[in-house]
């Protein structure tokens, strides 16, 4: 059945049947996805979405897979990752148009070479620009959304819409795009102003050093698991609740940063989810605070 369905999905990009999702995610966990598709361009993307709608197939747009946990039984539908034509960066004066598929690290490097400051604090955050906008990523008091002028999306009727910043609700680690699944981010327009290159280089080095010292970069992880409550950082609460080093199967709370769960080798999604619930309970019992997931589970 799936091979017949693949024949119907004729695009310039790549189509994979029964894709192991652990190969797509930074935590290296997950079952098989029925289809994994990389549409080459906007026309391809529209064909893939039409294929999903006609077949009543669930679909999920992924970035780099750095905040994603796919359950052990996999994903019964189509996982979509934007292809090459969604990876362009074009600057015109102080305005920069960035494809949603561009790696955040690539954008930060581009900005540094152009002497555009303001993004270097985000250095080391894995993910794509589309995912970073949807999740409104932040680090050391800076967010990518501060630089946004507009976002181009593809809506549920295959129309391209340009949303100005005032039309977008950005919040802490969230945005309109996480709640409106009909909108697929395809391009972002940023406003970046020139600064001093030596200051950008210094802040970039400081950001790298902080991450190296505070995060378990040598392990497979999904980054921070929980959002920070308004009272204290989630990592502090988890550590104070006695969860440091706690394990379920091969999933373990990092000894270096308590808001990270590391895959010690062949951990399952069930291990991670069970560990998440244990952490939540211990934090709630000690502080009467319910931790909210930053990780997306599909």
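The values are calculated or read from the model by the stated rules, or taken from the named source; none is laboratory data. The structure presented is a predicted model; accordingly, all values stated were derived computationally and were not measured. A quick note on method: Cβ atoms are made from the backbone with ideal geometry, for glycine too, and the neighbour counts reach across all protein chains shown.
Side notes on the structure shown:
- Boolean, residue 80 is within 17 Å of the chain's Cα centre (by Cα), assigned to a helix (DSSP H, G or I) and buried (at least 20 other Cβ atoms within 10 Å of the Cβ): no
- Of all the listed residues (37, 98), the sole one being touching a residue at least 40 places away in the same chain (Cβ under 8 Å), in the same structural domain as residue 152 (by TED's automatic domain parsing), outside any helix (DSSP H, G or I) and in contact with a helix residue (DSSP H, G or I) (Cβ under 6 Å, 6 or more places away or on another chain) is 98.
- Looking at 275, 291, just one residue is closer than 30 Å to residue 59 by Cβ, at pLDDT 95 or above, assigned by TED's automatic domain parsing to the domain that holds residue 229 and not in a helix (DSSP H, G or I), and that residue is 291.
- Members of the range 196-216 found to be exposed (fewer than 14 other Cβ atoms within 10 Å of the Cβ) and assigned to a loop (DSSP other than H, G, I, E, B), listed by number: 196
- When we screen 9, 69 for residues that are in contact with a helix residue (DSSP H, G or I) (Cβ under 8 Å, 6 or more places away or on another chain), more than 18 Å from residue 154 (Cα to Cα), at pLDDT below 95 and surrounded by 16 or more Cβ atoms within 10 Å (Cβ to Cβ), the only hit is 9.
- The residue that is farthest from the chain's Cα centre (by Cα), among those in the range 47-63 that are loosely packed, with under 15 Cβ neighbours inside 10 Å and part of a helix (DSSP H, G or I), is 54.
- Check on residue 174, exposed (fewer than 15 other Cβ atoms within 10 Å of the Cβ), in contact (Cβ under 8 Å) with a residue 12 or more places away in the chain and under 23 Å from the mean Cα position of the chain (by Cα): no
- Condition check for residue 118 on (1) in a loop (DSSP other than H, G, I, E, B); (2) more than 22 Å from residue 27 (Cβ to Cβ); (3) touching a strand residue (DSSP E or B) at 6+ places or on another chain (Cβ under 6 Å): one failure, at (3).
- Flag set for residue 87, criterion: without any contact (Cβ under 8 Å) to a residue 24 or more places away in the chain and either surrounded by fewer than 22 Cβ atoms within 10 Å (Cβ to Cβ) or in contact with a helix residue (DSSP H, G or I) (Cβ under 7 Å, 6 or more places away or on another chain) (or both).
- Conditions (1) in contact (Cβ under 8 Å) with a residue 60 or more places away in the chain; (2) part of a strand (DSSP E or B); number of the one not met by residue 16: (1)
- Selection from the range 217-237 of residues that are closer than 10 Å to residue 293 by Cα, touching a strand residue (DSSP E or B) at 6+ places or on another chain (Cβ under 9 Å) and surrounded by 19 or more Cβ atoms within 10 Å (Cβ to Cβ): 224, 225, 226
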